[in-house]
1. Stretched out fully, how many nm does the piece from Glu163 to Ile10 gain, at 0.36 nm a residue minus the Cα gap?
2. Between Ala55 and Arg148, with labels modelled 7 Å along Cα→Cβ, what's the label distance in nm to one decimal, could you check?
3. A 18 angstrom limit on the alpha carbon distance is what I want to check against. Which of Lys165/Lys192; Lys125/Lys165; Lys111/Lys165 exceed it?
4. Quick one: net charge around Gly98, please, counting Lys, Arg +1 and Asp, Glu -1 for every other residue with C-beta under 11 Å from its C-beta.
5. Full-extension gain between Glu124 and Leu197, please, as 0.36 nm times their residue separation minus the C-alpha to C-alpha distance.
6. Which of the peptides 181-194, 73-86 is most tightly packed, and how do the rest follow, going by the mean number of other Cβ atoms within 10 Å of each residue?
7. Nearest 5 is fine: what % of DSSP beta bridges in the chain come out antiparallel, could you say?
8. Based solely on its DSSP helices, what 222 nm [θ] is calculated for the chain when runs of n ≥ 4 H residues each add -39,500 (n - 2.57) and the sum is averaged over all residues, nearest 500 deg cm²/dmol?
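All of the numbers you see were taken from the coordinates with simple rules; none came from a lab. Here the structure is a predicted model, which is why all the values come from computation and not from measurement. For neighbour counting, all protein chains shown are included, and Cβ atoms are generated from backbone atoms with ideal geometry for every residue, glycine included.
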Amino acid sequence: MRITEIFYSIQGESSRAGLPCVFVRTTGCDLRCNWCDTEYSFYGGVEMTLDQIIAQVDSYGCKLVELTGGEPLLQREIYDLADRLLARGYTVMIETGGHRDISQLDPRVIKIMDIKCPGSNESEKNLWSNLDHLQPQDEVKFVLADMRDYEWARDVIRECGLEGKVGILLSVVHGALEMREVVERMLADHLKARFQLQLHKYVWSPEMHGV
């Protein structure tokens, strides 16, 4: 399995923001979102066996793990890795771009699934059937590059009946959109969603890897 990095940090996003977490970042992605902040994970990485990955995860002594990328669902061994971590008592999350089928993941895996807004230039690749496989523990994330993205996300949330079905996360592209404007529109629209920041980018430099 090709891995870009494994590191121990705090969860920067999702409803678990601020919690200590071990991150397993896979190598490779088949999307090219305009605002991507992990382009370094597109290429390179090192080959690791599942035993090696699990041993490194175990070394941190933290039972919350996130599988991320890149796009982790490009790695055929990701399912076995998730299953083995679950069997060892880990709470396992996976962050995925929303364009790859999530139906084969163990239902205990907490899915944090992007729905790509038009500002990403990848919205035509959203796999809408994935919405049928989400459970109440799962979360969908909209990354907003501008207020047109906000309006598009609001309409998708309402048209797909996501409020009350799954957790909904609204995140702004770091430094590209006025946060207050998004929050005020959320409140005006009575949108049942969580506004979030990328917490790790405020604790460390936004350019720093491994955090």
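1. Working: separation 153, 0.36 × 153 = 55.08 nm, distance 2.69 nm.
Value of the extension gain: 52.4 nm.
2. Rounded to a tenth, the inter-label distance reads 5.2 nm.
3. Working: Lys165/Lys192 11 Å; Lys125/Lys165 23 Å; Lys111/Lys165 13 Å.
From the list (Lys165/Lys192; Lys125/Lys165; Lys111/Lys165), the Cα-Cα distance tops 18 Å for Lys125/Lys165.
4. Values: positive: Arg100, Lys111, Lys116, Lys125, Lys141; negative: Glu71, Glu95, Asp101, Asp114, Glu122.
Neighbourhood net charge equals 0.
5. Between Glu124 and Leu197, full extension yields an extra 23.8 nm.
6. Values: 181-194: 13.9, 73-86: 17.7.
Ranking the peptides 181-194, 73-86 by packing returns 73-86, 181-194.
7. Around 25 percent of the beta bridges assigned by DSSP in the chain are antiparallel ones.
8. Using -39500 (n - 2.57) per qualifying helix, the result is -6500 deg cm²/dmol.
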